Amino acid sequence: MGKPKIATTSLAGCFGCHMSLLDIDDRILELVELVEFDKSPINDIKEFTGECAVGLIEGGCANEENVRVLRDFRKHCKVLIAVGDCAIMGGIPAMRNNIPLAECLDEAYRNGPSVYNPGGTVPNDPDLPLLLDRVYTCNEVVKIDYFLPGCPPPADTLWQALVALLNDKPVDLPYELVKYD
Ligand code: SF4
């Protein structure tokens with residue numbers, strides 16, 4: 001039997017949670033022994049090649065492409081983990097949630113203090129994913145099995161959770177590894 005596969009993605013995130021995963025340092029060699037990476041920005045595989053044991057989601061859903069990717073992860077991953085505050089609560093991108101979308105676009109492309117846009121056009125290329133009315137947390141869109149808070153969660157948190165799941169053990173993290181900052 002082959003190694004279990006894991007997949008990762010960044011939706012409306014900053015890649016800081018992925019950086020934290022790489023912060024497991026030389027344990028990355030152990031991780032490579034334990035798993036194979038499927039779809040992930042780490043190996044640049046763009047589409048799933050099969051079923052995965054674990055999917056790690058960074059960031060919430062700010063546009064329709066984020067929703068499509070998240071649903072695809074739910075379909076292909078036995079266990080789905082919301083990694084970090086953006087995936088769990090929306091994070092910084094969700095600061096727009098109390099402001100109407102039209103007002104956000106006006107500020108970004110027409111009236112912001114550093115904007116120069118004499119035509120007043122808002123980018124509308126059909127290849128651009130449409131923004132959602134607000135930022136949605138991952139569990140508002142699909143069922144999430146585990147939540148690892150932090151901005152980003154510490155590397156040790158990610159490592160211990162992954163090792164437990166890959167060995168069919170309960171994810172029982174010590175208090176100091178579950179933090180919200
Ligand atoms: S939780 Fe923090 S580190 Fe992770 S994507 Fe959001 S802002 Fe970046």
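The values are calculated or read from the model by the stated rules, or taken from the named source; none is laboratory data. The shown structure was predicted, so the numbers you read here are calculated from the model rather than taken from an experiment. Here the Cβ positions follow ideal geometry from the backbone for every residue, glycine too, while neighbour counts run over all protein chains shown. These accessible areas exclude ligands, DNA and RNA; they are computed on the full protein's heavy atoms, side chains included. Shrake-Rupley method; radii C 1.70, N 1.55, O 1.52, S 1.80 Å.
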Whether any residue in segment 53-60 is part of a loop (DSSP other than H, G, I, E, B), out of contact with any His (no Cβ under 7 Å at 6 or more places or on another chain) and within 16 Å of the ligand (Cβ to nearest atom) is what I want to check. yes
Under the condition of being within 16 Å of the ligand (Cβ to nearest atom) and open to solvent by 10 Å² or more (accessible area, probe 1.4 Å), which residue from segment 22-41 is nearest to residue 76 (Cα to Cα)? 41
Subset of segment 111-142 [under 17 Å from the mean Cα position of the chain (by Cα) and open to solvent by less than 40 Å² (accessible area, probe 1.4 Å)]: 132, 135, 137, 138, 141, 142
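Taking the condition of being assigned to a loop (DSSP other than H, G, I, E, B), away from the ligand (no atom under 16 Å from the Cβ) and among the β-branched types (Val, Ile, Thr), how many residues in segment 42-52 meet it?
1
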Going by the conditions given, is residue 170 within 12 Å of the ligand (Cβ to nearest atom) and not basic (Lys, Arg)? no
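Hey, among 87, 102, 94, which residue is closer than 19 Å to residue 131 by Cα and under 11 Å from the mean Cα position of the chain (by Cα)? Before you say what the answer is, go through the steps one by one.
Working: 102 fails: under 11 Å from the mean Cα position of the chain (by Cα); 94 fails: under 11 Å from the mean Cα position of the chain (by Cα).
On inspection, the qualifying residue turns out to be 87.
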In segment 1-38, residues that are over 29 Å from residue 135 (Cα atoms) and either β-branched (Val, Ile, Thr) or touching a Leu at 6+ places or on another chain (Cβ under 8 Å) (or both) total 8
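Considering 82, 108, 94, which residue is in a strand (DSSP E or B) and surrounded by 11 or more Cβ atoms within 10 Å (Cβ to Cβ)?
On the way: 108 fails: in a strand (DSSP E or B); 94 fails: in a strand (DSSP E or B).
None of the others qualify; the one that does is 82.
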